[in-house]
Amino acid sequence: MGKVDVENSKRITRRTNGNNPYSPLFMERMTPKAKWYFFMRAKVLPAQRDAEVNPRAKATRDIWVDSPLIKEMATELGADIVGIAKYTPSIMYQDAKILEHKSVIVFGKAMKYDLMVDIGAESQEEVHRAYFELDELGVRLSQRIGAMGFEARTHPNSGDFPLPAYGYLAGLGEVAKHGSLVSPVLGSSFRLSAVSTEMPLEADGPSDYGMDELCTKCGICERFCPGQAIMPEKREKAGIVRWHVDSDKCQPFFSRLYGCKICLSVCPLTARAPELRANYKKMSKSIKEAKNADGMIKMINDKDSLNLENFDKIPYDPNDFGGEFIQEAREKQDREGRDIEDSPIIYKPEE
Ligand code: SF4
Ligand code: SF4
């Protein structure tokens, strides 16, 4: 991706965590606050995600069909970015129920970049904070649209569709090499959620920000991924030629590194967000110093802040992190001789 070819896409099968041997440990190591966010999202908010439609509003509901008004409402409820996409069943998961909806309001909240790059328990908590607040925002927005007389449903992360694809269709950014959406406003430091509705709203996107071309030339996330999970070239999947992240290779690192996020942390497009630029500048020094995935893992392990409690329960050896994948990575780097300095990084730390 980069661009999502809606015409040719086929509905994809959802990945589940069922076979992930690290899942229980991943949950166990969450901070109490992260567990609370998780509990709210798993047990409390689902009951409110389908809005109750106000029958008395049916006769007058058309006065609410106003795209700028709905986006303003999402912003007032706490969204940092908002866009609208056409409801598109062809990009929904195979097991998702197709609704008679017409529009999808996609919204995002910034992640606190200094917490995200911690790659420890705090960064995991920050992800759960962002998803909880987005989920709650979605529920409140859905309920308001229901009160206006229209069906509406909240689609949180792990809902009915891949959020990056809908984010692209809503004009919020482009799907990047690391598999997440990159935004011209927030770079790679944010999370997404969505509300679909039968309200016929005007779609904003997709838009071409030129980021796809940057990913083609950059490759920093690919270089710093400890699992060698980020593929250098696009591949065809479900009818779409797209960037590809190998989930099986990502999973062990994702679980052991509190949700990892190294790929998002190193992405230089984050420096485009004015309020994140100073923090990215600090990160860029670490990127230069670390040089590659091995160096970054060493840096993370050396940090005092990393909570290593329970780490011994994980099949993990810091000298052989990722075993065969790291070996592959080393060989590849030796073969290609590519260095961070060679990447056409669009933000220079010296500037
Ligand atoms: S690090 Fe580079 S290649 Fe990866 S997503 Fe960001 S811009 Fe694209
Ligand atoms: S989360 Fe970590 S292991 Fe997974 S793709 Fe990103 S950098 Fe690689």
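Can you list the HN-Hα couplings for segment 175-184, worked out from phi with the Karplus curve (6.51, -1.76, 1.60; θ = phi - 60°), rounded to whole Hz and with x for Gly and Pro?
Result, rounded to whole Hz: 7, 9, 4, 7, x, 9, 6, 10, 10, x.
On a full-extension model of 0.36 nm per residue, what is the gain between Glu289 and Ser207, subtracting their alpha-carbon distance, rounded to one decimal in nm?
26.0 nm
For a quick check: with amide H placed at 1.01 Å from N, whose amide H comes under 5 Å from Glu174's, ignoring anything fewer than 5 positions away on the same chain?
Correct list: Val182.
What is the sum of charges around Ala238, taking Lys and Arg as +1, Asp and Glu as -1, for the other residues whose C-beta is under 9 Å from the C-beta of Ala238? Could you put the intermediate results ahead of the total?
Values: positive: Lys10, Arg11, Lys237, Arg242; negative: Glu236.
The answer is +3.
Average projected area of the Cα convex hull of segment 1-316, in nm²?
It is 15.7 nm².
Which net charge results for the neighbourhood of Gly146, defined as the other residues with beta-carbon distances under 14 angstrom from its beta-carbon, given Lys and Arg at +1 and Asp and Glu at -1?
Result for the neighbourhood of Gly146: +3.
Work out from phi, with θ = phi - 60° and the Karplus expression 6.51 cos²θ - 1.76 cosθ + 1.60, the ³J(HN,Hα) of each residue of segment 232-240, listed in order in whole Hz, and give x for Gly and Pro.
My calculation for segment 232-240 gives x, 10, 6, 9, 8, 9, 6, x, 10 Hz in order.
Report the net charge of residues surrounding Ile81, where surrounding means a beta-carbon distance below 15 angstrom and charges are Lys +1, Arg +1, Asp -1, Glu -1. Each step should come with its number before you reach the end.
On the way: positive: Lys71, Lys109, Arg191, Arg272; negative: Glu72, Glu76, Asp80, Glu133, Glu174, Asp204, Glu275.
Net local charge, Ile81 excluded: -3.
List the lysines whose alpha-carbon lies under 19 Å from that of Lys217, not counting same-chain residues fewer than 8 positions away?
Of all the lysines, those that pass the test against Lys217 - Cα under 19 Å, at least 8 places apart if same chain - are Lys3, Lys177, Lys234, Lys288, Lys291, Lys332, Lys348.
List Thr31, Thr13, Thr197 from most exposed to least, where exposure is judged by having the fewest other Cβ atoms within 10 Å.
Thr13, Thr31, Thr197
List the residues, sorted by chain then number, that are 5 or more residues from Phe190 or on another chain and whose placed amide H is less than 5 Å from its amide H.
Met111
In what sequence do Ile81, Ile98 fall when counting other Cβ within 10 Å, fewest first?
So the residues, fewest neighbours to most, are Ile98, Ile81.
Go through segment 76-149 and name the GluC sites (Glu not before Pro) that are in a DSSP coil and have 10 or fewer other Cβ atoms within 10 Å of their Cβ. Don't skip to the answer; put the middle values down first.
Details: sites: Glu76, Glu100, Glu122, Glu125, Glu126, Glu133, Glu136; in loops: Glu100.
Sites meeting the loop and neighbour criteria: Glu100.
FYI, it's all coordinate maths here, none of it is from the lab. In this text the structure is predicted, and so the values were computed from the model without any measurement. As a convention, Cβ positions derive from the backbone with ideal geometry for all residues, glycine included, and neighbour counts pool all protein chains shown.
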